[in-house]
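Presented below is the structure to which this report refers.
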Amino acid sequence: MARWKAGIASVALALSSLLVPTPPATAAPDKPTPEPTVVQECGADLKQHAAKIAATEKSETATCIRKQARKTGPATTDAGVAAAADICGGRATLSRTAACVIEDGLLLIFTVPNGVVIGSIQFTVSSLTTLDYSSLRWSQSWHYQANSVSGPAIPVVLDTFVYAEPQCLASCTVSSSGLVGGSALPGRVHSTTTYFHSPLSGYKWGAHGGMRYWFANAGWVNPTTNPSITAPAVHRCDDALTGYPSGCVYDSVVPMHDVLSYRYPSYARHLQLAINHFKMTNLLTRTQNETLMANNYNRACPPGRPDPPLPGVWSCDEYPFKSTYNGAYSQPYGRNIFIFNWNTAYEFNCRATWLTMRVSTDSGGYSACMIPLAENTLGGADLGAFYYKSRVLDGDQFQVRVI
């Protein structure tokens, strides 16, 4: 019994073509796509699996698929980590607007009724789904490649084809897609991109799409395998941001709002001291309740407060943000921040004179800080853009990070 790896598969197949013709790269266009069979995936005991097939008075060879999704983790560009079929950078990933899924699979070809494996194809399927925060459309790029094949050079191994087609799993339609049909052996790469669309369905709803794939060979007892579906988690679409287009995100991912120190130094410094020095939470929950937002701001920055000189140049900034359930109205107390370093003569004074001075042992609560109006306006605009681009809705959590 010969065994070929991906790097030498083309040589082995060329030699075997003297006995058995190599299948074409794609399925013949005049032949209908064979439908997948309703059979079980490969169990732990192939002999038992083969016995069930034999009980239906079938014999010779059969097949089934085993697959295993890789664990989600940080992306990497190390080419040695993943198989050639990987378009995910080496690891399955999930962000607010994208999901990459990698599945390693093994197609087993075995005899019936004794369950002896006579051939196999090891393959990798990867899929990148990209959502749009400003649209109800999304795309899924799907990629198949065999990594190795083992077994004798006979039709039940060499004449194996792979097929794939898009599947709407929840609240979607297929706008356009390329279908897959061709040789499942090493040296044949199959890729396609499907475009999905979710119809408007109220305030917010779940949507889900995927790619269904299966294998076929006329020499098998079951000429097609059981289908497998490559699909990321269900994502959320919504029409909940007034004045903005509808869009979709993976709401299971908590987004990060980055506050850039070089962009607005005083605004960033206020948040940095509040979070890092005085241990106020950086995990916030958004509110879209206008009354609560007004109450949050009026408690942190009360009307008639004693502002510093130059009205119109300074502005009252509050943390946690007024647009969160963590704002001043829900906090037990508020404090003014004053920092002075005797060694460097560095001073940062929030000048929130209506609040008690915060001491080093204080933690939590809320703070108010007088900062340049231009910085406060820019910081608020960036927070609003973050809410939109990450589609942070009422009750959604997000993190704040000063960099």
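Residues in segment 139-182 near a label at ILE118, defined as backbone nitrogen under 12 Å from the 7 Å Cα→Cβ point? The answer is 151-158, whose backbone nitrogens lie closer than 12 Å to the label point.
How much length is gained if the chain between THR377 and THR356 is pulled fully straight, taking 0.36 nm per residue apart and subtracting their Cα-Cα distance, in nm to one decimal?
Details: separation 21, 0.36 × 21 = 7.56 nm, distance 2.55 nm.
So the extension gain works out to 5.0 nm.
Ignoring solvent entirely, what values of log10 I(q)/I(0) come out of the Debye formula for segment 258-400 at 0.18 Å⁻¹ when each Cα is a single scatterer? Cα-only, vacuum Debye calculation for segment 258-400: -1.07. Could you pull out which residues in segment 359-396 have an amide N less than 18 Å from a spot 7 Å beyond the Cα of PHE348, following the Cα-Cβ vector? Counting backbone N atoms under 18 Å from the label point, the list is 359-380.
Size of segment 177-269: Rg and Dmax of its alpha carbons, in Å, are 21.7, 73. The distance between label points at ALA218 and ASN295 comes to 7.4 nm (points 7 Å beyond Cα on the Cα→Cβ vector). Summing charges over all other residues whose Cβ lies under 10 Å from the Cβ of VAL402, with Lys and Arg as +1 and Asp and Glu as -1, gives +1.
Quick check: convex hull over the Cα atoms of segment 337-403, volume per residue in Å³, rounded to an integer? All intermediate terms of the calculation are to be shown ahead of the outcome.
Working: hull volume 10.3 nm³, N = 67.
Convex hull of Cα atoms, per residue: 153 Å³.
Using only the C-alpha atoms of segment 127-231, find the volume of their convex hull and express it per residue in Å³. Show your work: numbers first, answer last.
Working: hull volume 10.3 nm³, N = 105.
It comes to 98 Å³ per residue, whole-number rounded.
Bear in mind these aren't lab numbers, they're just calculated from the coordinates by the rules spelled out. Since the model is a prediction, treat every value here as computed from it, not as a measurement. A quick note on method: Cβ atoms are made from the backbone with ideal geometry, for glycine too, and the neighbour counts reach across all protein chains shown.
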